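The values are calculated or read from the model by the stated rules, or taken from the named source; none is laboratory data. Computed from a predicted model, the values in this text were never measured in an experiment. Cβ coordinates were reconstructed from backbone atoms using ideal geometry, including for glycine residues, and neighbour counts include every protein chain displayed. Quick note on the areas: whole protein, heavy atoms, side chains included, nothing else; ligands and nucleic acids left out. Shrake-Rupley method; radii C 1.70, N 1.55, O 1.52, S 1.80 Å.
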Amino acid sequence: MTESVAIAERLSASSKQCLGVRGLSKYFGDFAANRDVTLSVDAGEIHALLGENGAGKSTLVKMIYGILKPDTGSMELLAKPYSPDSPSDAKHSGVGMVFQHFAVFDALTVLENIALGLEGRFPDEILAAEIAEVCDRYRLHVELNRRVHDLGAGERQRVEIIRVLMQDPRLLILDEPTSVLTPQETEQLFTTLDRLSDEGRSIIYISHKLDEVRALCDRATLMRAGQVVDVVDPRQESTRSLGEKMIGERLTETKRSKVSSAEKKKARLTVRVGDVYPESTRNVVLNDVYLSVAPGSILGISGVSGNGQDTLFDLLSGELILPNPDSIVLDGEPIAHLGVEKRRFLGLLGAPENRLGHAAIPELTLWENVILTARHTRGILKNDHLISGTSAKAFADEVIKTFDVRTPSLNAKASSLSGGNLQKFLIGRELLGQPKVFVVSNPTWGVDAKAQLFIHQMLMKMADEGASVILISQDIDELLSVTDRICAICHGRLSRTFPTDEMTPEHLGALMLGQEIDS
Amino acid sequence: MIFVEARAVTRWYHEWIAVLIALILTVATASALLASLGLDPVSSLHRIFIRPLNSVYGVSELLAKATPLITIGVALALGFRAGVWNIGAEGQLVMGGLCGGAVALAFWGVDGFWVMPLILLGGTLGGLVWGAIPAFLKVRFNANEILVSLMLTYVAILMLSVMVHGPLRDPAGFNFPESRLFHDAATLPKLFSAGRGHLGFVFALMFAVLGTWVVKRWHLGFEMRVTGLSPTAAKFAGYSRDRTVWMALLIGGAVSGFAGVVEVTGNIGQLVPNISPSYGFTAIIVAFLARLHPLAVIPAGLLVALSYLAGEAAQLSLGIPAASTQVFQGLLLFFLLGTSLLVNYRIRFGRIG
């Protein structure tokens with residue numbers, strides 16, 4: 001009697017539950033990447049997995065997708081025990097995953113790429129018809145005969161999603177799917193996801209964008225330091241309360257303190273140039289670049305990745321030089337023909353997007369990395385030839401102490417620091433050089449929320465002390481909260497510049513897509 | 001299943017453990033080869049590797065062989081750190097020997113303290129010019145320095161051959177393709193009463209110390225290393241790739257040229273068609289054996305020099321061809337490159353996860 005009740009209960013529970021994870025742990029050496037994690041995803045539910053970088057979200061989904069094997073714990077999929085040995089095992093059981101970094105072949109067409117992801121299928125008309133049907137059902141528009149290298153990030157992601165949907169998954173895992181999308185593309189993706197959930201498919205949605213999670217998800221599991229700290233209904237939470245639960249302490253609001261208009265003097269840095277051709281053909285050609293930035297102000301340049309940001313950074317930093325000196329003017333002095341080192345002498349400093357391999361060298365220690373850009377300060381270089389290790393170490397030590405860089409020592413290799421700590425070190429390295437103009441690209445990419453806040457404060461402090469800051473970023477929230485003026489780059493073309501106060505996310509999204517707006 | 005995983009932490013001694021494993025594997029493989037020839041590995045190895053060092057003569061010979069290997073090894077280590085692959089040190093050595101030797105012959109019979117420095121300078125400049133050619137072609141036309149420097153080696157060897165068969169041939173030498181013997185003022189002093197060890201070995205040690213200083217303290221060494229590690233970061237730091245290419249090849253050329261002139265004035269004492277048993281190529285092995293650390297080039301050079309002596313000993317006492325030297329050196333380089341994987345990766349046996 002009691003037994004039959006239990007079975008009925010379990011059946012009703014299992015018909016509702018898609019994935020159940022119980023007591024999952026995963027250790028790497030002594031480090032617990034996941035400890036006793038419990039997760040339950042219902043059928044048709046969009047379930048957010050929220051947490052900072054390093055909170056253990058990736059480890060958890062890798063175990064669900066069969067890439068990693070859990071050390072302890074068990075999983076259940078559709079009321080059956082589930083322990084995938086490999087991703088292909090997971091696929092056969094009905095689990096699909098869309099990765100943050102797309103695994104598509106550039107030289108092949110969309111159809112060929114999709115066929116490659118399906119065992120025993122060929123890129124023929126039968127497959128094309130099936131794909132067309134799926135695309136139609138989920139409003140995923142993509143041309144099957146185009147080559148992938150012609151596609152933008154949003155379209156590539158659609159290719160990945162179609163590929164996964166062709167396997168008719170019961171559970172779909174999406175890892176930070178909107179990090180490469182414009183607001184409009186994000187809207188489209190959400191429509192597709194809603195439709196999938198209406199059909200009873202479950203979705204695990206990994207993100208650290210709290211607004212999105214609140215708009216899209218039914219439930220959210222919050223992770224911190226490898227453990228589940230809470231399961232909440234994100235619609236009942238504010239962005240702020242979610243954020244606090246995620247990082248476990250109270251966030252102080254960042255908002256740009258208004259610089260009085262009297263402070264705003266004439267432009268410190270002006271760029272005015274026609275076409276700019278990058279050295280590498282992989283980078284985007286710039287057309288008609290015009291921008292100017294005043295002392296004490298922060299100019300934001302928004303845009304979807306791959307629209308010419310790299311070329312623009314190189315143009316400003318001096319890694320790309322132009323024949324006509326007047327194309328870039330700093331404090332009345334033409335500098336477009338000067339290289340990196342000479343521009344640095346004039347007070348133009350920067351921090352490129354790629355921290356390891358561009359801003360810093362992963363194999364070198366922190367103090368050796370100081371020599372890269374700060375060697376002409378504080379006697380690090382004696383007589384132009386000899387390196388003073390003592391001075392470089394003192395400099396590194398000052399950066400570490402001033403900007404709260406968490407590192408075992410200044411002899412640690414750059415690659416051993418977390419993204420946030422390395423970024424604090426790299427921006428701090430330039431900040432101590434008292435820049436007149438500071439150019440920075442995606443400073444908070446892959447950085448945890450606390451470090452993000454700290455970095456924003458560093459940039460604002462720099463501007464408050466009179467520097468001109470140019471912030472190239474894909475993060476709309478960041479741009480709207482940190483900058484004074486804002487413009488967008490699309491296909492190598494800069495939009496007009498607008499005061500940030502007058503800007504809404506929708507306007508900014510339109511600018512990022514290359515549409516001009518009136519204001 | 002076997003897995004290769006990136007190490008979370010790499011420590012300085014990992015690279016020396018890798019070197020040690022390479023040495024052990026080399027000796028093990030050499031033993032197996034000896035055994036397959038029906039020889040007792042232990043006594044054979046003793047006979048070819050230990051016995052040659054049992055006399056002052058043997059040690060002196062060892063130093064003579066190690067001199068060019070260490071000198072060139074230091075310069076190549078600097079260049080390889082910068083990611084500039086100068087494979088033509090052999091040609092630069094030959095050019096140095098040829099030019100220095102030509103200066104010695106031009107001042108034949110002239111005494112004076114300035115004769116020797118002039119000869120050394122001539123040889124250094126010869127190597128420098130030979131290194132400048134691939135540097136220019138690389139910077140100007142992006143020509144691959146590996147190919148250019150390698151091909152120039154054969155040009156240099158043929159040029160030496162032409163010269164000793166023609167203009168530099170000893171007039172009283174019965175038409176043998178050899179120059180006159182250099183006179184005393186054009187010859188480097190010997191270090192011992194026996195064997196061919198000469199003052200050049202002291203120069204080699206000085207180069208190793210100087211090289212270490214350049215790597216550790218000189219901005220130039222840092223700049224070259226950074227360019228080799230990450231060209232993009234080097235550019236952001238304001239370092240010029242062209243400058244690094246020039247410096248690496250000019251240093252490599254000049255030092256190899258110096259090694260060449262030291263070899264002819266210290267060891268051979270005249271110009272002959274064949275002045276080097278591939279020291280310039282073997283120095284590549286030496287540089288990697290030392291993991292590109294200039295100071296470590298000294299033991300590495302001595303060890304590889306021993307393989308030359310061992311080859312001779314093998315021929316004399318075991319009746320194995322002297323080419324066994326190259327087999328031994330080839331095994332060593334092969335295992336060195338193979339085990340260098342272990343510096344940044346570790347091997348794990350087991351299941352996924």
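Table for the structure above
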{"item": "Whole-percent pair-distance distribution, where bins are 10 Å wide, for the alpha carbons of region B:18-161", "result": "10, 24, 27, 24, 12, 2"}
{"item": "Quotient of Cα Rg and 2.2 N^0.38 Å for region B:1-92, N being how many residues it contains", "result": "1.51"}
{"item": "At 0.890 mPa s and 25 °C, Stokes D of region A:62-162 from Kirkwood alpha-carbon radius, µm² per second", "result": "163 µm²/s"}
{"item": "Binned Cα-Cα distances of region B:62-319, short to long, each 5 Å bin given as a whole percent", "result": "1, 7, 13, 17, 18, 16, 12, 8, 4, 2, 1, 0, 0"}
{"item": "Relative contact order for chain A, counting Cα pairs under 8 Å that sit 6 or more residues apart, in percent", "result": "14 percent"}
{"item": "Residues in region A:315-343 occluded by at least 50 Å² - accessible area, probe radius 1.4 Å, against chain by itself", "result": "A:E319"}
{"item": "Kirkwood Rh (inverse of mean 1/r, distinct Cα pairs), region B:1-53, angstrom", "result": "13.7 Å"}
{"item": "Residue-averaged [θ]222 nm for chain B, counting only DSSP H segments that reach four residues, each worth -39500 (n - 2.57)", "result": "-21500 deg cm²/dmol"}
{"item": "Accessible area that becomes buried as B packs against A, both chains, 1.4 Å probe, Å², nearest 100", "result": "2200 Å²"}
{"item": "Mean Cα-pair separation over length for region B:62-319, i.e. relative contact order, pairs under 8 Å, 6 or more apart, %", "result": "41 percent"}
{"item": "Zero-based 20 Å bins, Cα pair distances in chain A, whole percents", "result": "20, 50, 26, 3, 0"}
{"item": "Segment B:L341-B:I2, length gained on full extension (0.36 nm per residue, minus Cα span)", "result": "120.6 nm"}
{"item": "Cα-based helix-to-principal-axis angle, A:419-431 vs chain A, degrees rounded to 10", "result": "10 degrees"}
{"item": "Taking region A:260-512 and dividing mean pair separation by its residue count, relative contact order in percent (alpha carbons under 8 Å, at least six apart)", "result": "27 percent"}
{"item": "For region A:11-127, radius of gyration divided by Kirkwood radius, i.e. Rg to Rh on alpha-carbons", "result": "1.03"}
{"item": "Directionally averaged projected area (convex hull, Cα atoms, region A:40-109), nm²", "result": "6.5 nm²"}
{"item": "Listed residues B:T153, B:T265, B:T29, most fluctuating in chain B (Gaussian network, C-alpha, under 10 Å)", "result": "B:T29"}
{"item": "Cα-based helix-to-principal-axis angle, A:153-165 vs chain A, degrees rounded to 10", "result": "10 degrees"}
{"item": "Accessible surface, 1.4 Å probe, highest first, among residues A:E76, B:E90, A:E133", "result": "A:E133, A:E76, B:E90"}
{"item": "Cα-based Rg and Dmax for region B:238-353, where Dmax is the largest Cα-Cα distance (Å)", "result": "18.7, 65"}
{"item": "Fully extended contour minus Cα-Cα distance, from A:E130 to A:R235, at 0.36 nm per residue", "result": "34.2 nm"}
{"item": "Residue pairs, from the table A:K80/A:K209; A:K62/A:K209; A:K266/A:K450, whose Cα atoms sit over 24 Å apart", "result": "A:K80/A:K209; A:K266/A:K450"}
{"item": "Hydrodynamic radius by Kirkwood, which averages 1/r over all alpha carbon pairs of region B:85-228, in angstrom", "result": "17.4 Å"}
{"item": "Theoretical gain in end-to-end length, B:H14 to B:F141 [0.36 nm per residue, Cα-Cα removed]", "result": "41.8 nm"}
{"item": "Which of B:F328, B:F281 is most accessible, then next, and so on - probe 1.4 Å", "result": "B:F281, B:F328"}
{"item": "Listed residues A:M223, B:M159 arranged by accessible area, highest first, probe 1.4 Å", "result": "B:M159, A:M223"}
{"item": "Quotient of Cα Rg and 2.2 N^0.38 Å for region A:428-519, N being how many residues it contains", "result": "1.12"}
{"item": "Values of log10 I(q)/I(0), in the order q = 0.12 Å⁻¹, for region A:260-512 under a Debye, Cα-only, solvent-free model", "result": "-0.68"}
{"item": "Model label zone, A:K382; criterion: amide N under 17 Å from point 7 Å along Cα-to-beta-carbon; scope region B:181-221", "result": "B:213-221"}
{"item": "Helix-derived mean residue ellipticity, 222 nm - over chain A, DSSP H n ≥ 4, -39500 (n - 2.57), to 500", "result": "-10000 deg cm²/dmol"}
{"item": "Per residue Cα convex hull volume in Å³ - calculated over the protein assembly as shown", "result": "224 Å³"}
